[in-house]
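Let me begin by presenting the structure, written as structure tokens, before commenting on it.
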Amino acid sequence: MEAIIPYLTFNGQARAAFEFYAKALGGQLLSLQTFGDVNPHAEEADKDRVMHAILKAGNLTIMTSDTRSADQLVQRGEMISLSINFTDEKTINDTFEALSEGSTIVMPLQDTFWDARFGILKDRFGIQWMFNYDKPRND
């Protein structure tokens, strides 16, 4: 495991929040992709919503996304997840399985279109965890 990174979810305010945080924390947005950037067929209401963004300020890294307009809106108190980036596939599988005990699986651990293994669960204590392993690229 590399690090635990706070992941903030908004109902359409992710871009404004991260522009504010970048200025206030003296950081910069390393990347920002909208739903329209990754899917040309995205709903019109979602095209400018943030699918994923990363902010770096010194040693601090935080990530964000917006909900899609058709999804259930995120409620206050559920806007923060803990994201763990893994360095190997065995560790992500073992850790996901271990934290799954008594949990609610939000998204099963699976391979994704962004060449990662990814999954989400809410543990038995109500904390939401995001698991990510970026697969090696064969460039």
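Read-outs: derived from the displayed coordinates by stated rules, not from any lab. Values in this document were obtained by computation on a predicted structure and should not be read as measured data. In this analysis, Cβ positions are derived from the backbone assuming ideal geometry, glycine residues included, and neighbour counts consider all displayed protein chains.
In table form, for the structure just shown:
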{"item": "The stretch 1-46: GluC sites (Glu not before Pro) in DSSP loop, at most 13 other beta carbons within 10 Å", "result": "Glu2, Glu43"}
{"item": "Nearest 10 degrees, 0 to 90: helix 89-99 Cα axis against the chain principal axis", "result": "90"}
{"item": "Gain in span if fully extended, Asn93 to Arg76, counting 0.36 nm per residue against the direct Cα distance", "result": "3.1 nm"}
{"item": "The chain - mean residue ellipticity at 222 nm from DSSP helices (-39,500 (n - 2.57) per run, n ≥ 4, rounded to 500)", "result": "-5500 deg cm²/dmol"}
{"item": "Of (i) 12, 44, 32, 9, 3, 0; (ii) 11, 38, 38, 12, 0; (iii) 11, 40, 30, 12, 6, 1, the label for P(r) over Cα pairs in 10 Å bins from 0, in percent derived from the coordinates", "result": "(ii)"}
{"item": "Separation in nanometres of the label points that stand 7 Å from Cα toward Cβ, at Ile4 and Asp115", "result": "3.0"}
{"item": "Whole-angstrom gap from the stretch 101-139 to the stretch 60-92, using each part's C-alpha centre", "result": "10"}
